[in-house]
Amino acid sequence: MECLPAPERLLVFRIGQLGDTVVALPALWVLRRAFPQAHITLLCDRHPHGRFVLAADLLRGSGVVDEFVSYVVDGSRFGRWLRPVRMLALLTRLRRAGHDTLAYLAPSTRHAPDVERDRKFFRAAGIRRFLGMTGFAPLPVKQPGQPLGSTAAEADLLLARLAADGLAVPPPGTGSLDLGIGPAEEAEVAAWLGALPGDGNRRWLGVGPGSKMPAKRWPEERFQQVTRELVKSHNVWPVVFGGPEDRAVGDRLVAAAGRGHNAAGRLGLRGSVAALRRCALYVGNDTGTMHLAAAAGTPCVAIFSAREWPGMWFPYGVPQTVLRKQIECEGCTLIECQTHANECLNHISAPEVMAACQRQFACKTPTI
C-alpha cells in the first residue's frame, strides 16, 4: 500500500446533525492517528433557524479535532439571497488558512454531481490533495414488491472511502467512538443529580422518546407503557434523555412511570454521554441521542422507522436490538409522514419493544 505523506493542515468536511457527527468519529480517529502532527480543522454546517447541534459542542475536548469552522445553511428567501456572499467569504477564509489536504466525509448519500461541485470548491480554496472523495458505495434502490436492501453502517462506509485512499482502518463495526469523556463531564452529572432524589441504587434505563423528525417518533404512550412495565419487572430507574424540546414528554414519561429523572435539556451533550454510561440499557428512537448512547457503550434497543436503508444508521459497535418494519413505502426519506401517518412505526408494538428490552437485560451479545 502506498505510504501517504503527512499533511500539515488537514481540513475535514462533515455536515449533518448530531448523529452524523457521532458516526463520523471512527473516521476522525483514523485521521488523527494517521496524522498525529497535523492541525485538523472540522468544517460543518450551521442552521440558525433550527434546534440543531454544532459539532463543536460535542467534539470540543475530545482531542480528535483542533479547530472548528462552520458555514450557515439558511433556506429562507433572505438566506438563499445571501448564499453566494457567504460561500465567497468561506472560500476566502479557507484559502487564507492554507489547508494542504481535504478529508471528504460527506454523507454516503451525496450525489456524484454534488461531489464534483465540492471538489471544485475546495480546489478553488487552494487544496490539492483529497481523501475520501472516491469509493462511494452504491446504495440499494427500492423495487416494487421487494424489501429495501440493507447497507453497511455509515461509519464503516466513511472508513471504506478512507481505506480506498490508502489509510489503515479498523474492521467493520470496531471503529472508535471515543469522545474523551472525563472528570469535567462526570462533575456535570454529579451536580445535576445533587438536586434530585436518589435512585435507590437501581439500574438506570435510558429512554429517548424524542426526535426532531416527526417521521421517527414512536408513539409516546407506548414509551410510557414499556417504561412502566420495566419498572415493574426489572425495578429500573428511568432516565429520559434529549434536548429542551423533549422536556415535556420526559416529564410525562417519568410521571407515568412513578419514578425516574428527566435529563432532557438539563445536561449538555458531553454530560449526557457521561450519564448514558451509567445506564444498563437505552431504549429510544432513531435519533442523535441513540448515537450518544452507542458512543457511551450502552446496549441499545432502537426503534426505527423505515424511511432509510436498514443498517446505515443502526447503533454502532454496541449490543443492540433494532426494531424496524418492512413496508412498501420504505426508503421514503421523509421528514414528516403525512400520507401514511407513520405506518411503519405504528406496526412496532409495545410488547415487541418490551420483549427486546428483556432480552438485552438477560444477555450481553448483539441481537439484531
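The values are calculated or read from the model by the stated rules, or taken from the named source; none is laboratory data. In this text, all values refer to a predicted model and were calculated from it rather than measured experimentally. Positions of Cβ are generated from backbone atoms using ideal geometry, with glycine treated the same way; all protein chains shown enter the neighbour counts.
From the list Arg110, Arg117, the one residue that fits, being surrounded by fewer than 14 Cβ atoms within 10 Å (Cβ to Cβ) and either in contact with a Pro (Cβ under 9 Å, 6 or more places away or on another chain) or not aromatic (Phe, Trp, Tyr) (or both), is Arg117. Do we have any residue at all in the stretch 133-144 that's hydrophobic (A, V, I, L, M, F, W, C), assigned to a strand (DSSP E or B) and either within 23 Å of the chain's Cα centre (by Cα) or closer than 14 Å to Phe13 by Cβ (or both)? No, every residue in the stretch 133-144 fails to be hydrophobic (A, V, I, L, M, F, W, C), assigned to a strand (DSSP E or B) and either within 23 Å of the chain's Cα centre (by Cα) or closer than 14 Å to Phe13 by Cβ (or both).
Listed here are the helices (runs of 4 or more DSSP H) enclosed by the stretch 1-89 that have at least 1 residues being surrounded by 20 or more Cβ atoms within 10 Å (Cβ to Cβ) and outside the structural domain of Ala124 (by TED's automatic domain parsing), and there are none. Scan the stretch 131-138 and give yes if some residue there is among the hydroxyl-bearing types (Ser, Thr, Tyr) and surrounded by 14 or more Cβ atoms within 10 Å (Cβ to Cβ), otherwise no. No; the residues of the stretch 131-138 include none that is among the hydroxyl-bearing types (Ser, Thr, Tyr) and surrounded by 14 or more Cβ atoms within 10 Å (Cβ to Cβ).
Under the condition of being polar (S, T, N, Q) and either touching a Gly at 6+ places or on another chain (Cβ under 6 Å) or surrounded by fewer than 16 Cβ atoms within 10 Å (Cβ to Cβ) (or both), which residue from the stretch 163-211 is nearest to Leu59 (Cα to Cα)?
From the stretch 163-211, those polar (S, T, N, Q) are 174, 176, 201, 211; that's our starting set.
Going one step further and asking which of them are either touching a Gly at 6+ places or on another chain (Cβ under 6 Å) or surrounded by fewer than 16 Cβ atoms within 10 Å (Cβ to Cβ) (or both), we end up with 174, 201.
Details: Thr174: 19, Asn201: 31 Å.
My answer is Thr174.
Of the residues that sit in the stretch 193-225 and are among the hydrophobic types (A, V, I, L, M, F, W, C) and under 24 Å from the mean Cα position of the chain (by Cα), which one is farthest from Ala274 (Cα to Cα)? Filtering first and then ranking leaves Ala215.
Within the stretch 316-338, residues that are aromatic (Phe, Trp, Tyr) sit with their Cβ atoms under 8 Å from residues that are surrounded by fewer than 19 Cβ atoms within 10 Å (Cβ to Cβ) and not in a strand (DSSP E or B), at 6+ positions apart or across chains, in these pairs: Tyr316/Gly173.
Name the residue, out of Asp156, Asp114, that is of a type in the set (Asp, Glu) and within 16 Å of Phe314 (Cβ to Cβ).
Numbers: Asp114 fails: within 16 Å of Phe314 (Cβ to Cβ).
Checking each option against the conditions leaves just Asp156.
Comparison of Arg80, Arg123 shows that the only residue that is more than 30 Å from Gln37 (Cβ to Cβ) and of a type in the set (Lys, Arg) is Arg80. Restricted to strands (runs of 3 or more DSSP E) entirely inside the stretch 212-305, no element has at least 2 residues that are buried (at least 20 other Cβ atoms within 10 Å of the Cβ) and without any contact (Cβ under 8 Å) to a residue 12 or more places away in the chain.
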